[in-house]
Amino acid sequence: MATKGEHCIWLRNCEQETSEEIPGTVRGTIPQWLEGRLTRNGPGKLEVGDTQYRHLFDSLAMLHQFSISAGRVTYRSRFLDSDTYRKNTAANRIVVTEFGTAAYPDPCKTLYGRFKSMFTSPEKKISDNCLVSVCQVTDEMYAMTETSIVRKIDPKTLETVGKVKIHDYIALNLATAHPHIESDGTVYNMGSSFVSVKGPSYNIVEMPMGKIEGAKIVASVTPLRRTSPSYFHSFAITENYFVLVEQPLVFRFGKVLSGVFMNKAPADSLTWLPHEKTVFRVVKRSTGQLLPIHYTSDAFATFHHTNAYEEDGNLVMDLCGTEDGEIVKMLFIANLQKDTSDETRVIYGSTMRRYVMPLNGVDKAAVGENLVKIKDTTCKAIKQANGSVHCTTQIIHPDFLDMPRINYKKNGKKYRYTYAVGTKGNDLQFERILKLDVKTGKMTEFTENEFAVAEPVFVEAPDATEEDDGVVLSTLLSKSDPLYVALLVLDAKDMKEMARVEFRARGKVTSTFHGQYVGAQEGIHAF
């Protein structure tokens, strides 16, 4: 099946993986101290037989890995060998429902057989097509998506070696693919539960050394809209708090349940409520208790948090967001296939924004008082008559910015720099690698017209004395040559190219969402 929209890297369909390592051609110089693996995850196969996925979040997962040693790099890629991949391949069509694509009916089944299959147990319909990110804390690597299933990966060969159902250990139906990893190896993640006798909840989960078998729920928050829980892609953490952004991008619970039985995709139940508030739910880490204050803002939607920290009795949170809650529509294949000049194309206008939430003195403040006392911010937090605090945002930079990464040693602490991707014009693929100074708003970038880039990953130098001492790793995909892929190494100080390592893959190289660098000398691996 021919795929329209050849202008868009996201629409590539890979038929052949590069399963065995291939060496690359090095241009420039890779720092000798850079020893480790960059593993990335994302969409790999948009078509199965004569059937095609409707949404980019549905594509069969593909893992990519760059192994760096002694100034040289090798590359390999593998499809995630999930149950979903095997079932679809065996049937030569899409038989497992994903986020935006319902399973195609079996043309050989009788009408009664099709009707009966609609009422399969919901748990049996959960996809294990984990295509969003990867996480390795010690020696085990997992491919993750937003369901309660993760796939265990051999970190050296990328072979799929296991399957873990998180819901077998704790009450979770959905989980983010953006956990937080502490310096001692403790992992925190959040997810939604719809099966508790108390009703739906957002749960914060703690996993010692990243071991899912030891997972426990340390905090539970009741949704403000109990029949329409919020969509979450990530969450924030500081030294003393968890922060959940309950945005008015919601799953209509009734539609979710009916969709399970009537063979409809979950995306069909996702609804944007533009006239409702976004609410920041703040949980104290030491007790697991929710702060009684509702911090609100005008409606916005977000995929990715950048960082959060505490300063002078305030909680400062930076994230990438937009007032257009139709962001999920951006990644429907039909939208990606539209020409860049098409005015009906949905564009994701994400910018880097800041919110400040006062933690002290709210109860004694006068109605209408601005409680933000931090200098160098235009953020406000106004006490309301009902006791809530309404927060206004500061746009740190007006350009499109998303997929933010930081020096992870600053996670949950005050920081200075973030690294992210940007676009040119109204295109939907990433063509700029950005460094943003969140204190001054200064933006530095790397870009080349012939290439699309991926989420940057910061790696700190072993002798670092400043926050941006290190390198930024990303990938380059040629717009004209689908077999070309390169590992890009930038100096994190000035975003100048230090090296690129070029490869010719066996099949078309697809773009990725997220990844992780695992240093050869590290005991605990983080992001």
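Details
- Cα gyration tensor shape for the stretch 149-296, rounded if a/c is under 1.5, else prolate or oblate: oblate
- Label zone at LYS198 (point 7 Å along Cα-to-Cβ), backbone N below 19 Å, the stretch 281-324: 281-294
- Qualifying aspartates and glutamates (Cα of each under 14 Å from Cα of LYS156; at least 8 residues distant if same chain): GLU20, GLU21, GLU35, ASP139, GLU140
- The chain: calculated mean residue ellipticity at 222 nm from DSSP helix runs of at least 4, using -39500 (n - 2.57): -1500 deg cm²/dmol
- Charged-residue dipole, Cβ positions (Lys, Arg, Asp, Glu), the stretch 179-245 about Cα centre, Debye nearest 20: 440
- Dipole of the stretch 9-519 computed with +1 at Lys/Arg Cβ and -1 at Asp/Glu Cβ about the Cα centre; of PRO43, THR510, ASN263, farthest Cα towards the positive end is ASN263.
- Measuring max minus min along each principal axis, the C-alpha atoms of the chain give extents of 65, 64, 50 Å (largest first).
- Dipole magnitude (debye, nearest 20) for the chain, charges at Cβ of Lys, Arg, Asp, Glu: 1380
- Pairs of alpha carbons in the stretch 46-107 whose separation is greater than 13 Å (percent): 66
- Gyration tensor analysis over the Cα atoms of the stretch 297-422 returns equivalent ellipsoid semi-axes of 32, 19, 10 Å (largest first, whole Å).
- Cα shape, the stretch 269-360, gyration tensor, a/c 1.5 rule: prolate
- Shape call, the stretch 379-477: gyration tensor on alpha carbons, a/c limit 1.5: oblate
- Charge dipole of the chain about the Cα centre (unit charges at C-beta), most positive-ward option of LEU436, LEU336, PRO31: LEU336
Where a number appears in this text, it was derived from the coordinates with a stated rule and is not lab data. Bear in mind that the values here come from a model prediction, so they are computed numbers and not experimental data. Every residue, glycine as well, gets a Cβ built from its backbone with ideal geometry; the counts of neighbours run over all protein chains shown.
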